[in-house]
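These notes concern the structure reproduced below.
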Amino acid sequence: MTTSFGERVRAVLDERGPLCVGIDPHPGLLDDWGLGQDAAGVREFGLRSIEAAAGRVGIVKPQVSFFERFGSGGFAALEDVLAAARAAGLIVIADAKRGDIGTTMDAYAAAWLTPGSSLEADALTVNPFLGVGALDGTFDLAHTHGKGVFVLAATSNPEAESLQRSQSATGRSVSADIVSVVSARNAEQGRTGEWGSIGFVIGATVDWTDSGLAAYSPIAPILAPGFGAQGASPADVHRRFGSMSAAVIASESRSILEAGPHDLTAAIDARVAEYREVSRG
């Protein structure tokens, strides 16, 4: 029986801890690393990041936009980075935030979640604000292939508050509705006692009370950007997420990548140790 994506994440978090290294080749970081502002530069940046992360963390998250800006060459570079990460045994989350309707969304899903695809990843971030139901085909494809999906639920950017925290027809916040609908889908597709494979993107700086969020069942992974440069610390895993903290994937990019290529492994090791110390406390 194939291990589900949710259970794969559960095992990796138990073994390696919550740190996820975001692979975000910002223009400034490319300069700091002595790399070109081109497809070759982002490829080298990504491959060096994978080399440093392998064996230290269990999950990496390439930010697609920083590759996409270089067109076909950037996508070719991303293909190499995705393949290298998966070959290294890392769980790879493609941070593309795709969202559309009908066959258009199905095509996005096929590009990122089909085994053997040139852009194959283990999971994809998606945008539900055209309706969670518009993602049904993506959820089905992910389930068929043992892949994962992370649905934007409560992001930390202030521009999102008026939409995500507004009251829906159910009387809950829009964010809470998204979590409820997706959790029902996880319950339908999953096996009793296992983690769901459709996770959530919930910012590490989000106030759950203000967002109308509460603990949900079955447990599913939470991809939590906002650690490191955006202000959240390892202690915030428990402080912010409470009973759901065991499911948190703590995504950090700039705070680690700023160490540069020569000190990157040391920066990752130090951060892993911080998360481990907090979990022991």
Task: Only one of Asp122, Asp24 that is surrounded by 14 or more Cβ atoms within 10 Å (Cβ to Cβ), charged (D, E, K, R), more than 22 Å from Arg254 (Cα to Cα) and in contact (Cβ under 8 Å) with a residue 60 or more places away in the chain - done: Asp122
- [ ] Give just the number: which of (1) under 21 Å from Phe227 (Cβ atoms); (2) in contact (Cβ under 8 Å) with a residue 60 or more places away in the chain; (3) not in a strand (DSSP E or B) does Thr3 not satisfy?
- [x] (1)
TODO: Could you please give the count of residues in the stretch 36-70 that are in a helix (DSSP H, G or I), over 29 Å from Ala270 (Cβ atoms) and free of Cβ contacts under 8 Å to residues at least 24 places away in the same chain?
DONE: 1
Open item on the list: Please go through (1) closer than 20 Å to Gly6 by Cβ; (2) free of Cβ contacts under 8 Å to residues at least 40 places away in the same chain for Ala169 and return the number of the only condition it doesn't satisfy.
Closed with: (1)
TODO: All but one of (1) farther than 21 Å from Arg8 by Cβ; (2) in contact with a His (Cβ under 7 Å, 6 or more places away or on another chain) hold for Asp210, so report the exception by its number.
DONE: (2)
Open item on the list: Going by what's in this entry, would Ala154 be described as of a type in the set (A, V, I, L, M, F, W, C), within 20 Å of Phe241 (Cβ to Cβ) and either touching a Lys or Arg at 6+ places or on another chain (Cβ under 7 Å) or surrounded by fewer than 17 Cβ atoms within 10 Å (Cβ to Cβ) (or both)?
Closed with: no
- [ ] Specify the residue that is nearest to the chain's Cα centre (by Cα); the eligible residues are those in the stretch 41-66 that are within 18 Å of Val126 (Cβ to Cβ) and not small (Gly, Ala, Ser).
- [x] Lys61
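Each row is one residue, and each column tells you yes or no for (1) within 20 Å of the chain's Cα centre (by Cα); (2) without any contact (Cβ under 8 Å) to a residue 12 or more places away in the chain; (3) assigned to a loop (DSSP other than H, G, I, E, B); (4) surrounded by fewer than 23 Cβ atoms within 10 Å (Cβ to Cβ).
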site	(1), (2), (3), (4)
Ala229	yes, no, yes, yes
His238	yes, no, no, yes
Phe241	yes, no, no, yes
Ser245	yes, yes, no, yes
Ala250	yes, no, no, no
Ser255	yes, no, no, yes
Ala259	no, yes, yes, yes
Thr265	no, no, no, yes
Ala270	no, yes, no, yes
Open item on the list: If the requirement is being touching a residue at least 60 places away in the same chain (Cβ under 8 Å) and of a type in the set (A, V, I, L, M), which of these qualifies: Ala187, Ala142?
Closed with: Ala142
Open item on the list: When you check Asp100 against the structure, is it over 23 Å from Leu141 (Cα atoms), surrounded by fewer than 23 Cβ atoms within 10 Å (Cβ to Cβ) and in contact (Cβ under 8 Å) with a residue 24 or more places away in the chain, yes or no?
Closed with: no
Open item on the list: Please determine whether any residue of the stretch 77-89 is free of Cβ contacts under 8 Å to residues at least 40 places away in the same chain and either of a type in the set (Phe, Trp, Tyr) or within 18 Å of Ala224 (Cα to Cα) (or both).
Closed with: no
Task: Test for Thr144: is it of a type in the set (Val, Ile, Thr), under 24 Å from Thr2 (Cβ atoms), surrounded by 15 or more Cβ atoms within 10 Å (Cβ to Cβ) and modelled with pLDDT of 95 or more - done: no
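The values are calculated or read from the model by the stated rules, or taken from the named source; none is laboratory data. All of these numbers come straight from a predicted model, not from anything done at the bench. FYI the Cβ positions are ideal-geometry reconstructions off the backbone, even for glycines, and counts take in every protein chain you see.
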